[in-house]
Structure formats: structure tokens, C-alpha cells
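Nothing in this text is a laboratory measurement; each read-out follows from the coordinates by a stated rule. What you see is a predicted model; the values in this text were computed from it and never measured. Backbone-built Cβ (ideal geometry, glycine too); neighbour counts: all protein chains shown.
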Amino acid sequence: MPGRSPAPTYRHATPSGPWPWMDFDVDPPSSSSEVDQTWKGYPQNLFGNWTPDRVERSKMLISCPSGTCKIYTIDVVKNGTFDGDMASRVLNFWEHVNVKRPENVRLRAIFVDNMTVEVLKMLGTRYNIEPFFFSSSMNWIPSRYQEAEKDDVGDHITIVLPFVRAREGRKSRPASLLSSSTLPTTYGPAPLEDSNQIIDTQASLPLLYDLLAVHMVRHVESSSIISYHPHRRTSARRLHSLIQRTSNSVYWSKMFKASSDPTLLLLTYLWYVLYAWDVTFEQLYKYITRLETEVLNTNDIQLTRQLHIVQAHLLHYRSLLQAFRKSVEFVRDTRNPAVSALGKQEQKESAQALEREANNLLSEISRLETTRLRNVMDLAFASVNIDDSRYTKRLTEATVRDSAAMKQISYLTMVFLPASFTASLFGMNVREFIGDPNGVTAPETLPRYVAVTLALTTFTAWLVIALQPHSSFHPPGCSRWRRFGWPIFFVWYKLTNRKAPEKYV
């Protein structure tokens, strides 16, 4: 399912977890075995605790596709300009990554499309990449961590960040919501049947789950940024093109020339995520507006379910935005050991530029959280409340109809109950009622039965109406004595054509 991402297992997100992908009940104690020390033995050739069974459990190798792997690169030279290139052959890739870079290249960005097992092992061995980067990327586990930190040398930082974006080529064509049966599966989840009412926040709405997976090697001589691109998501070619266009920005090109801190380029990757979120909320607002219109105009229960599904997704998107914020704060607050080799003035300017741009990005994230997301969520909740109010109104009307029917039944019972009681009483096999067997006439006769029945019926009706605090025969709020005298007042008002007071104070 292209619109769905796997549920993340957060405990395997960073190297700080001492048991990567270990099954405590199955895995035996680690035993020494010969490991291929070339790139073909990765990751165990560099990280001995990553045994084959753990590698298999992490799916970092079996999730790699087959076919041709394309590698796009951008070299940032010391004067801040960009130089883009592409290598598409895997056979000579090992030689390609081991070729010494030109001395004027201070940063190389590598974009990997259709990453195969061979390329993964080559990159992992060449750049000494923690396997957690690949396992988190393959399993869509949000993570951010720093490792291999050495003063005056450099470090490694990893960011794996799931986000949501609009599907390419569909910005001008929101979903048509004439009815639930016409909801396209490419724009939203399939209509739920009564037996399958499951809300899956890992599945997409009229959007697409995407992933930013970046591993950065910051080094005093030359740094590297490696990005992994899942199948049918943002391609390496697309992100390569966008990062390449950053050099055309006057604002950013000045910063690249003034500062040699490679972390500034990493912020442009995060800006792509921000752009994607902004377009996402534009599309969601249109989607929910159309959905709300159909809910108001139709009685289709499937549309109501769609609104509840949207609510669940919006709550999930809030957590994704929080992870986005934490990732930007992590980049801003994680010190780059490699800049220690720079001059004091350049260190200060680089730190100020990084903090300023990170804060600009954080302010935009705050705008998304406080304005765009809140507006969309308010609209979704309002739509659901409108639909719930409609069903509540229908339920209330049905309850009132049922109450009226029960009231009629109660009135009928009140009328026939005295007659039934009198008939039962007169039918008792007692001498006082059946008469003397010597020919004395029995007291129970039809006129007496009618007289007793009418008397009891009148008394019952008077008592029931008098004991009711709300009735059409007496105004609300009147005293108990007024209620007991309701027949007198009722007849008096009818004879004098006067209207009874609506309320007693």
C-alpha cells in the first residue's frame, strides 16, 4: 500500500539502546565467528554486536530493492558554490567513493535512489555509519542522535524524520466527495464497513507519508551528507535538484560563502520538510471543507466516518510536527566539533548563522502548529460536531415520539384500570357479592358496576393530573393546593373564556 508507512519501533532508534534488535527469549549469547572484513561484511565488520540474526530482524538488508541504484552528488567547494554530478553504476561505486576528493571540496552531498544491498554496505563501510541509520530508515523509525564525536576532528549525526506531503500532480484536483461510494482510494482510505471500523493513522488521507533520512559526517577536512530515499516517495533526483537550486538563492549563497559549517546545508533538507507540511495543510483544508459540505447536504454515514478518521490523523500529524521541531532543535543545539579548527571570528559567525536560521525554521514550525494545524483541526472537529448534533437531534425527535406513544398508552391504562379493578372485584366468589343462595338478590348489578367504574376513573384522573408538576391543566410553578383544585379552575377558565396564567411566581 503506497500510502502507508510501517508502525515505528522506537526502542531501536538510536545507538544508546544496548540491545539492537535483540530477542531476549531467543538470541543466544554472542559467539565469536569469522567475519568478512571487507565492505561485504558490513555491518558486523565494523559493529560486532550486529550479528546476522539481528541484521535480519532489523530488515535493513532484506528491505533493500534490487535493480539499478542511482547516486546523485553535489559538491560544495570552499567558495560556497555548488557542483552537481551523478554516478549510476554500482560496479565501480566502491572505487568512486574511495577516490580522494579535490582539496577545494569542503562538503559532498550524496543522494541514493533505489539503495541496493551492495551500495548500503559500501556506504556503511566507507563512512563508518552506525547501522541504526539504515535500520531506522528502512523501518521509518523517527530518530536523531550524535555519535563518534571528536574534538577538532568531527562527528556523525543522524536524522530520520517521517513527514506528510501532498501527492505530486494532485494539488489542483481535490477529491470529489459526492458520496462515500465515490471516494477515490488514491485520495483517502477506503470506506469502512461495519465489520472493519479501524482507524489506521499510518495510512494516508489525500496525502502521502514521506521520509527524510539523512546521515551527516562532519569532518574538519571534508564533510559528507548521505540521504536515503524510500521507493515511491521523494526521489533522490528531486531532492538533489532542490538542494542544487539552493545555490541560486542570494540569501543562502551568501551564507555558504561566509560560513564553512556544513550544518547549514543540512538545514535546507529540513526546509524541504517544512514546505511539504505547508502544502499538506492547504490540501487538508480543501479536503475537509469539501467533506463538510457533503456532510451538511447528505445523510451518508460513510462521510461521518471519514471525518472521524481525519480527526485521528490530525492528532497523529501533531506528534509528527513535534518530532520535526525536536529535530531542528537537535541540529541547532548539537555542537560541531570540526569548527574548532576555524578562527574565532568565523566560529562566532557560523554559530550565529546556524542559530538564526534554525530559529527561523522553528518559527515557521510554530506557525504550522499554532495556525495551520489548529485551523484544520478546528474545522474537522466542527464538522464532526455538526454531524453529531444532527444525529443527536434525530435521536431526540425519536425519543419524543416514543414518549408520546408511551403517554398515550399510559392514558389508556388510566382509563381502563378502574374498570378492570371493578370487574375483578365484582367477580370475586364471595357471598357479599354473589348473593344469598336462598334467593336473595346479589348486590352486583350492571348499573352499580358502571357507577363504581366512573367514580374510580374520575378519581384516578384527578389524582394523576394533580400529582404531576407539569401539565396542560395547570400552570407550571403553582402550589400543591392549586393543582388539587385543577378541575374547578379548568372549568372556570373555559366558561369565562379566560386564559390560564403561564407561570406562577
> Under a plain spin-label model, where a point goes 7 Å from the Cα along Cα-to-Cβ, how far apart in nm are residue 257 and residue 53?
Replying inline: 5.9 nm
> Please identify the GluC sites (Glu not before Pro) of the range 74-170 that satisfy two criteria: DSSP loop assignment and at most 16 other Cβ atoms within 10 Å. Which are they?
Replying inline: 103, 168
>> Going by average Cβ density within 10 Å per residue, which order do the peptides 220-231, 339-350, 317-328 take, highest to lowest?
In response: 220-231, 317-328, 339-350
> All other residues with a Cβ under 13 Å from the Cβ of residue 354 taken together, and with Lys, Arg as +1 and Asp, Glu as -1, what is their net charge?
Replying inline: -2
>> For residue 223, what residues show an amide H to amide H distance below 5 Å, using hydrogens built from the backbone and excluding near sequence neighbours?
In response: 107, 108
> Counting Lys and Arg as +1 and Asp and Glu as -1, what is the net charge of the other residues whose Cβ lies under 13 Å from the Cβ of residue 138?
Replying inline: +2
> Using 0.36 nm per residue, how much length does the chain from residue 100 to residue 470 gain when fully extended, once their Cα-Cα distance is taken away?
Replying inline: 123.7 nm
>> When a/c reaches 1.5 or more, the comparison of a/b and b/c decides; with that in mind, is the range 51-156 rounded, prolate or oblate per its Cα gyration tensor?
In response: oblate
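Provide the gained length on full extension for the span residue 449 to residue 245, in nm with one decimal, where the gain is 0.36 nm per separating residue minus the Cα-Cα distance. Could the numbers behind the result be given before it?
Details: separation 204, 0.36 × 204 = 73.44 nm, distance 10.35 nm.
Gain on stretching residue 449 to residue 245: 63.1 nm.
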>> Once R0 is set to 45 Å, what does the formula 1/(1 + (r/R0)^6) return for the Cβ-Cβ distance between residue 326 and residue 395, expressed as a FRET efficiency to the nearest 0.05?
In response: 0.55
>> Can you compute the FRET efficiency between residue 79 and residue 25 using 1/(1 + (r/R0)^6), with r the Cβ-Cβ distance and R0 = 51 Å? Round to the nearest 0.05.
In response: 0.35
> So which lysines can residue 59 reach, going by Cα to Cα under 19 Å and dropping same-chain residues fewer than 8 places off?
Replying inline: 40, 121
> Taking amide hydrogens as modeled 1.01 Å from N in the peptide plane, which residues meet the under 5 Å criterion relative to residue 84, leaving out close sequence neighbours?
Replying inline: 75
